[in-house]
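Participant: Pasting in a structure now, in structure tokens, and then I'll have a few things to ask.
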Amino acid sequence: MERLAFFSGRLAHLALWTAGIGLVLMTIFIAAQVFWRYVLNDSLPWTEPAAVMIMGWFIFLGAAVGIREGYHLSFDILLYLIPRRLKLFLHTLSDLVVVTFGIGMAYYGSQLAMKTAANKLPSLGISGAFDFIPLIAGGILIILFSIERVARRAAGLPTARFGEDPVEDA
């Protein structure tokens, strides 16, 4: 379990750094487009599609890390009223539903990527499949991070929950 937590923690840090760098790059691309359009009276045709593609990366990577850290959306009112064992069961059930969602993201993202692989994005000159790779990567990370949460709970280890102290990586 310690190896899984260590690997998962490193993967989450990498995903978060990648998402952060993507956010900065997207901001730079949009600022460059504004400068070129309004100051130089010209246009950079690649900035908008590149920014949208990068946005997909930081949204899906950030969402996956949010799953690992317990920041996903939940309704906790009932959890304050039920016994601890039932609460742990419901948390595990929630994580398994999230695994199913991650599987759907990865599967349907792959289907979309395969269907658009032959298309070429005109302003970037790359395959249309690149638009869906963030969906696939985010789905795979959501699966891994949710399985880690279930495994931690099964081993009796704490799992992060929104509003609680964060769980340290092993």
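The values are calculated or read from the model by the stated rules, or taken from the named source; none is laboratory data. Bear in mind that the values here come from a model prediction, so they are computed numbers and not experimental data. We place every Cβ from the backbone using ideal geometry, glycine too, and count neighbours over all the protein chains shown.
Participant: Please specify each residue of the stretch 77-88 satisfying the condition of being surrounded by 11 or more Cβ atoms within 10 Å (Cβ to Cβ) and either touching a Cys at 6+ places or on another chain (Cβ under 7 Å) or not aliphatic (A, V, I, L, M) (or both).
Facilitator: K87, the sole residue that qualifies.
Participant: Could you say whether any residue in the stretch 14-26 is under 22 Å from the mean Cα position of the chain (by Cα) and at pLDDT below 90?
Facilitator: No, the stretch 14-26 contains no residue that is under 22 Å from the mean Cα position of the chain (by Cα) and at pLDDT below 90.
Participant: Also, quick follow-up: Scan the stretch 112-123 for residues that are surrounded by fewer than 16 Cβ atoms within 10 Å (Cβ to Cβ) and under 13 Å from A50 (Cα atoms) and jot them down.
Facilitator: Matches in the stretch 112-123: P122, S123.
Participant: For F6, all conditions in the list (1) modelled with pLDDT under 90; (2) within 22 Å of L135 (Cβ to Cβ); (3) surrounded by fewer than 16 Cβ atoms within 10 Å (Cβ to Cβ) hold save one; what is the number of the exception?
Facilitator: Result: F6 fails condition (2) only.
Participant: Also, I was wondering about something else. Would you check which residues across the stretch 106-127 are touching a residue at least 40 places away in the same chain (Cβ under 8 Å) and in contact with a strand residue (DSSP E or B) (Cβ under 8 Å, 6 or more places away or on another chain) and list them?
Facilitator: L121, the sole residue that qualifies.
Participant: A follow-up question, please. Restricting attention to the stretch 111-120, does a residue exist that is among the small types (G, A, S), assigned to a loop (DSSP other than H, G, I, E, B) and at pLDDT below 85?
Facilitator: Taking the stretch 111-120 as the starting set, the residues that turn out to be among the small types (G, A, S) are 113, 117-118.
Okay, now just the ones that are also assigned to a loop (DSSP other than H, G, I, E, B), so 117-118.
Filter once more, keeping what is at pLDDT below 85: none.
No - not one qualifying residue is present in the stretch 111-120.
Participant: In addition: Please verify whether L73 is in contact with a Lys or Arg (Cβ under 7 Å, 6 or more places away or on another chain) and either modelled with pLDDT under 90 or at negative phi (or both), treating the condition exactly as stated.
Facilitator: Here the answer is no, as L73 does not meet what is asked.
Participant: Among the residues of the stretch 89-111, which ones are of a type in the set (A, V, I, L, M) and surrounded by fewer than 16 Cβ atoms within 10 Å (Cβ to Cβ)?
Facilitator: Within the stretch 89-111, L90, L93, L96, V97, I103 qualify.
Participant: Suppose the filter is closer than 17 Å to L135 by Cα and of a type outside the set (A, V, I, L, M); does G70 pass it? If you could, list the steps in order and put the result at the bottom.
Facilitator: Numbers: closer than 17 Å to L135 by Cα: no; of a type outside the set (A, V, I, L, M): yes.
No, not satisfied.
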